[in-house]
Amino acid sequence: MDEVGIFRKLAKTKENLKDLSREEAYLFLKAILEREISKIKSSAFFTAMRIKGETVEELLGFYEALQEKMLIKDSNSVDCLDVATNYDGKVRSPYILPSAIFIAIANGIKITFHGEDCIPVKEGITLHRIFKEMGIKISKNMAFKYLEKCGVSYILQKDFIPDLYAILPLRRELGFRTFLNVLEKLLNPFNSKRIITSVFHKPYLERTAELLRFLGFERWAVVRGLEGGIEPYTDRETEILTPEGPLKVKCKIGKIPEVNLSPRAQAELNLKVLKGEEKGFFKDWAIYAGAILLFAYGKVKNFQEALEISRDTLETKRAYIYLQNCKQINK
């Protein structure tokens with residue numbers, strides 16, 4: 001690897017920064033993950049890439065370096081929807097995604113996801129923490145068996161790509177979003193055929209869609225949702241890109257009510273939604289979020305059909321029954 005040559009491309013003023021080739025991107029991140037690059041040079045590299053902005057070719061090279069370090073390398077893809085939500089979690093609003101996930105499971109869709117705690121920049125509450133509070137605790141050794149039995153599973157970053165987890169202290173010290181925030185959620189450790197992911201900034205909507213086209217998923221969707229996540233906004237349109245083109249979801253149900261944002265309180269909120277004890281805002285929000293997952297998987301012909309199925313699944317408590325089944329497996 002021409003380490004000096006790569007740094008020459010990046011050690012310039014913003015206007016003169018040069019793009020890396022796919023191979024250069026792959027080699028340099030691989031060297032960082034293998035501790036062949038000092039922390040100072042690694043920090044300079046992440047900073048320069050942040051200033052320059054990444055091309056799709058660079059992102060593909062970085063992605064290949066990450067994939068090479070994954071401990072799980074099952075070549076057989078599974079017919080699941082990977083819910084590739086932000087690793088840095090949420091800090092301003094509650095999750096309704098757990099309810100949406102059980103709506104999807106009740107309609108025969110297997111769901112996978114992955115994450116980690118305390119990822120910069122938000123270091124917010126993560127989806128797996130809500131699942132744990134709901135009584136669904138999955139060890140790394142049981143992740144694939146749990147998916148087979150229950151239709152949903154998750155795994156933590158430290159358990160499937162420890163080399164990436166090991167540079168987390170450096171990422172926290174840097175304190176800004178890097179290309180790793182974009183790529184880690186797309187790593188797909190369960191090798192799911194379908195994926196739904198999310199972005200916050202509009203320019204990343206098409207860039208992420210282009211990246212997913214290269215990665216070869218059978219079906220994909222990119223959502224520009226609340227807090228950069230998959231859940232739809234509740235007071236404006238939510239943009240979604242799929243292979244068929246753009247979609248705008250109009251979930252205009254009003255401002256999110258103020259609620260306790262602790263993981264336990266959010267788990268209890270989702271349990272009430274699934275039990276049918278929430279009749280207003282959060283029920284409607286869960287129906288829209290569930291419809292997005294149904295639509296992303298390709299279960300329906302259009303979003304209106306997805307809404308109708310999602311509503312029926314929630315109101316008949318089929319989603320809650322599936323949650324109860326999952327909790328029984330945990331015992």
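What follows draws every value from the coordinates through simple rules; no lab data is involved. Predicted, not measured: the structure shown is a model, and the values here were computed from it. Quick reminder, even Gly has a Cβ in these numbers, built from the backbone with ideal geometry, and neighbours come from all protein chains shown.
Residue-wise HN-Hα couplings along segment 105-112, as the Karplus relation 6.51 cos²θ - 1.76 cosθ + 1.60 with θ = phi - 60° gives them from phi, are 4, 5, 9, x, 9, 7, 10, 10 Hz; Gly and Pro carry x.
The trypsin sites (Lys or Arg not before Pro) of segment 281-325 that meet both conditions, a loop assignment by DSSP and at most 12 other Cβ atoms within 10 Å of the site Cβ, are K301. Computed over the Cα atoms of segment 87-152, pair by distinct pair, the Kirkwood hydrodynamic radius stands at 12.8 angstrom.
Could you give the length gained on full extension between K272 and S21, defined as 0.36 nm per residue of separation minus the Cα-Cα distance, in nm? Gain on extension, K272 to S21, equals 85.3 nm. For segment 169-316, what class follows from the C-alpha gyration tensor (a ≥ b ≥ c being the square roots of its eigenvalues): rounded when a/c is under 1.5, otherwise prolate if a/b is larger than b/c, else oblate? Oblate is the answer for segment 169-316, as a/c is 1.5 or above yet b/c matches or exceeds a/b. Translational diffusion coefficient, Stokes-Einstein: compute it for segment 132-211 using the Kirkwood radius over C-alpha pairs as Rh, at 10 °C and 1.306 mPa s, and state it as an integer in µm² s⁻¹. D = 107 µm²/s.
When the helices of the chain are scored as -39500 (n - 2.57) per DSSP H run of n ≥ 4 and the total is divided over every residue, the value at 222 nm lands at -14500 deg cm²/dmol. Model label points for K158 and E305, set 7 angstrom from Cα along the Cα-to-Cβ axis, are 4.4 nm apart. Residues considered: K275, K193, K18. Largest GNM mean-square fluctuation over the chain, using C-alpha springs under 10 Å, is found at K18. Each principal axis of the Cα atoms in the chain has its own extent, and those three values, largest first, are 63, 41, 37 angstrom. Looking at segment 183-273, the GluC sites (Glu not before Pro) that sit in a DSSP loop and have at most 15 other Cβ atoms within 10 Å of their own Cβ are E218, E244, E258.
Phi angles of segment 194-205 translate, via the Karplus equation with coefficients 6.51, -1.76, 1.60 and θ = phi - 60°, into HN-Hα couplings of 10, 8, 10, 9, 8, 9, 9, 8, 3, x, 7, 4 Hz per residue; Gly and Pro are given as x.
Projection of the Cα convex hull of segment 99-239, averaged over all directions and equal to a quarter of that hull's surface, yields 9.2 nm². The residue list I321, L97, I167 was ranked by how far each Cα lies along the charge dipole of segment 78-330 toward its positive end, using unit charges on Cβ atoms, and I321 comes out on top. Taken about its Cα centre, segment 38-155 carries a charge dipole of about 440 debye when Lys and Arg each add +1 at the Cβ and Asp and Glu each add -1 at the Cβ. The phi-based Karplus calculation (6.51 cos²θ - 1.76 cosθ + 1.60; θ = phi - 60°) puts the 3J(HN,Hα) values of segment 125-134 at 6, 9, 4, 5, 5, 5, 4, 4, 5, 7 Hz, whole numbers, x for Gly and Pro. Here the chain is treated with +1 on each Lys and Arg Cβ and -1 on each Asp and Glu Cβ, and its dipole about the Cα centre works out to around 680 debye. If R0 equals 35 Å, the separation of the Cβ atoms of I321 and R213 corresponds to a calculated FRET efficiency of about 0.40. Amide H contacts of V152 (H built 1.01 Å from N, in plane; Pro and chain starts excluded): I111 sit under 5 Å, all sequence-distant by 5 or more or on other chains.
Multiplying the residue separation of M142 and R264 by 0.36 nm and removing their Cα-Cα distance gives an extension gain of 41.6 nm.
Which is farthest toward the positive dipole end of the chain among Q67, A296, L212, measuring Cα position about the Cα centre, with Cβ charges +1 (Lys, Arg) and -1 (Asp, Glu)? My answer, from the dipole projection, is A296. Taking amide H as placed 1.01 Å from N in the peptide plane, C80 has its amide H under 5 Å from the amide H of K193, R194, each at least 5 places away in sequence or on another chain. Each Lys and Arg contributes +1 and each Asp and Glu -1, all at the Cβ; summed about the Cα centre of segment 188-331, the dipole is approximately 300 debye.
Which residue, chosen from F282, F46, G245, occupies the Cα position most advanced towards the positive end of the dipole of the chain, where the dipole is computed from +1 (Lys, Arg) and -1 (Asp, Glu) charges on Cβ about the Cα centre? Result: F282, furthest along the dipole toward the positive end.
Counting only DSSP beta bridges whose two residues both lie in segment 78-330, roughly 35 percent are antiparallel.
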